[in-house]
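Shown next, in structure tokens, is the structure this report addresses.
The values are calculated or read from the model by the stated rules, or taken from the named source; none is laboratory data. Everything quoted here is computed from the prediction, not taken from an experiment. Reconstructed Cβ throughout: ideal geometry from the backbone, glycine too, with neighbour counts over all protein chains shown.
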Amino acid sequence: MMKTIRKHLRLVSLFLAITFFIQSCRVYHSSTASIDEAVQSNNKIKLVSVSDDTYIFQELQRENGNIYGITKRNSPTAKLLSAQISEETKDQKNVKILLRNDQLNNIHLQNKTMSTLATVGIPLVIIGVIAIIAVNSMDFNFGFGE
């Protein structure tokens, strides 16, 4: 009985680890978007520069003809582009980064539908598989009728 419980605990802990990992996944459209589409979308944005550097922003904004990316203060993007930070946002959690034209090479918008499916659908499938395995491996004979 303990071996069975221990076996199932391993499966549950693996499931929880995968679920936490998948929760942070974002899926982006493979097709590129224009700067105007990105500014209007208010979605998460993935930029691929001419030099193949990848940057993730919460959103893009246009002010006085300049393009700014908004990202979390401690994000990898903010650290990479720290020299280009123009100001912090009002909530002090995000920073506004002035983007150069060579950094606006490929713009990919977040695919909200696929992101939701990845964060909800995959864990549900894993739960289903674990439940089927658990039910099939359990012994429901309680000693009646022997």
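The table for this structure:
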quantity	calculated
Residues of the range 98-120 that turn out to be touching a residue at least 40 places away in the same chain (Cβ under 8 Å), over 13 Å from K44 (Cα atoms) and part of a strand (DSSP E or B), as a count	1
Qualifying positions in the range 65-112 - of a type in the set (F, W, Y) and over 18 Å from V39 (Cβ atoms)	none
Boolean, I122 is of a type in the set (A, V, I, L, M, F, W, C), surrounded by 12 or more Cβ atoms within 10 Å (Cβ to Cβ), closer than 30 Å to A17 by Cβ and touching a strand residue (DSSP E or B) at 6+ places or on another chain (Cβ under 9 Å)	no
Residue in the range 18-73 that is modelled with the lowest pLDDT, counting only those that are aromatic (F, W, Y) and in contact with a Ser or Thr (Cβ under 9 Å, 6 or more places away or on another chain)	Y28
D102 vs. criteria over 30 Å from R10 (Cβ atoms), at pLDDT below 90 and surrounded by fewer than 13 Cβ atoms within 10 Å (Cβ to Cβ)	yes
Flag if S86 is farther than 30 Å from I133 by Cα and part of a loop (DSSP other than H, G, I, E, B)	no
Subset tally (residues that are polar (S, T, N, Q) and modelled with pLDDT of 80 or more) for the range 105-129	4
Checklist (1) polar (S, T, N, Q); (2) over 30 Å from S137 (Cα atoms); (3) surrounded by 11 or more Cβ atoms within 10 Å (Cβ to Cβ); (4) in contact with a helix residue (DSSP H, G or I) (Cβ under 9 Å, 6 or more places away or on another chain) applied to T19, failing item	(2)
